[in-house]
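*Asks:* Just passing along the structure, written as structure tokens.
The values are calculated or read from the model by the stated rules, or taken from the named source; none is laboratory data. Since the structure is predicted, the reported quantities are computational estimates derived from the model, not experimental observations. Don't worry about glycine lacking a Cβ; one is built from the backbone with ideal geometry, like all the others, and counts go over all protein chains shown.
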Amino acid sequence: MSESNGAVVIVPGSHRVPVRSSEDHPRFSEERWILAKPGQVVICNGCLYHRGAANNSKRKRRVCLMCY
């Protein structure tokens, strides 16, 4: 993953925020880009605020999402 092909973006510590309605979500000023190399895996708490950035490259981005 790179900034051009849509890396994962997280908000550190956001998994500790109490669950709120979508209208009352807190705003965070600090985001971190997770730039994984081929063969690496990103594992995070499902409550961590995260998003996939836009894929601005001409290459496809494959993702495997597993939840339990």
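*Asks:* I need the full set of residues from the stretch 41-58 which are over 26 Å from V17 (Cα atoms) and exposed (fewer than 10 other Cβ atoms within 10 Å of the Cβ), in order please. Can you show your working first?
*Replies:* Here is the first cut: in the stretch 41-58, the residues over 26 Å from V17 (Cα atoms) are 55-58.
Hit for the stretch 41-58 is K58, nothing else.
*Asks:* May I pose another question? State whether the residues of the stretch 43-54 include one that is assigned to a strand (DSSP E or B), closer than 14 Å to G6 by Cα, basic (K, R) and at pLDDT 80 or above. Even if it seems obvious, please write down each step before you answer.
*Replies:* Going through the stretch 43-54, the residues assigned to a strand (DSSP E or B) turn out to be 50-52.
Within this subset, residues satisfying the condition of being closer than 14 Å to G6 by Cα are 50-52.
Checking the rest, the ones that are also basic (K, R) come to 51.
Checking which are at pLDDT 80 or above leaves us with 51.
Yes - at least one qualifying residue is present in the stretch 43-54.
*Asks:* Counting just the residues of the stretch 25-36 that are in a loop (DSSP other than H, G, I, E, B) and at pLDDT 85 or above, which one comes out nearest to V9 (Cα to Cα)?
*Replies:* Let us first name the residues in the stretch 25-36 that are in a loop (DSSP other than H, G, I, E, B), namely 25-31, 35-36.
Next, only the ones that are at pLDDT 85 or above stay: 30-31, 35.
Numbers: E30: 10, E31: 6, L35: 9 Å.
Of everything passing the filter in the stretch 25-36, E31 is nearest to V9 (Cα to Cα).
*Asks:* Give me the pairs: first residue in the stretch 6-24 and in a loop (DSSP other than H, G, I, E, B) and at pLDDT 85 or above, second residue among the aromatic types (F, W, Y) and surrounded by 11 or more Cβ atoms within 10 Å (Cβ to Cβ), beta-carbon distance under 7 Å, and six or more apart or on different chains, which are they?
*Replies:* V11/F28; V11/Y49
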